[in-house]
1. Can you tell me how the range 25-98 classifies by the Cα gyration tensor, rounded, prolate or oblate, using a/c under 1.5 as the rounded cut?
2. Counting every Cα pair in the range 88-129, what percent are over 11 Å apart?
3. Would you please state which residues of the range 100-119 a label at Asp84 would reach in this model, taking the label point 7 Å out along Cα→Cβ and a backbone N cut-off of under 16 Å?
4. Would you calculate the volume per residue, in Å³, of the smallest convex hull containing every Cα atom of the chain?
5. Given H placed 1.01 Å from N in the peptide plane, which residues other than close sequence neighbours of Ile125 have an amide H under 5 Å from its amide H?
6. For an R0 of 41 angstrom, estimate the FRET efficiency from the Cβ-Cβ distance between Thr29 and Ala69 and round to the nearest 0.05.
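All of the numbers you see were taken from the coordinates with simple rules; none came from a lab. Small disclaimer: the values here were computed from a predicted structure and weren't measured. With ideal geometry, Cβ positions are generated from the backbone for all residues, glycine too; neighbour counts draw on all protein chains shown.
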Amino acid sequence: MTEEGTAAETQERKRVWKTPPNVALCLETDIADPGSRGFVLQIGEAFFHGFLVKKDGQVAGWVDRCPHAGFPIAVELDRYLTPDGSLILCGWHGAAFEPLSGACVAGPCAGGKLTPWPVEARGGIIRTA
């Protein structure tokens with residue numbers, strides 16, 4: 001392996017924090033209520049990490065980054081909610097967030113908030129807004 005190959009493999013992927021509007025993500029029926037689903041979108045040479053939460057018939061989108069330490073919220077794929085579906089739970093440090101408002105209600109970032117990812121459901125499809 002060359003030094004160039006080693007450097008390229010260990011280089012961190014570029015991240016972006018916003019997405020273009022009107023990107024179809026999934027069908028509304030693809031997410032249980034309550035339920036959640038993670039997404040990684042490639043935008044140019046960078047990547048956006050976000051997740052959707054569906055609760056009480058409403059859908060909210062969040063940037064997949066805990067305000068406490070900057071880690072992704074889920075430790076396991078699509079596991080963003082507590083077992084009863086009542087809260088978003090950061091798998092790293094136990095911060096808990098309201099699913100539709102993103103407000104941190106417990107844990108190390110109490111009083112903080114998740115970063116919104118604008119999405120909308122229309123015609124049965126969830127899209128970026």
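1. It comes out oblate by the Cα gyration axes.
2. 66
3. The answer is 105-106.
4. Cα convex hull per residue, to the nearest whole number: 117 Å³.
5. When sequence neighbours closer than 5 places are left aside, the close amide H contacts are Glu28.
6. For R0 = 41 Å, the calculated efficiency reads 0.75.
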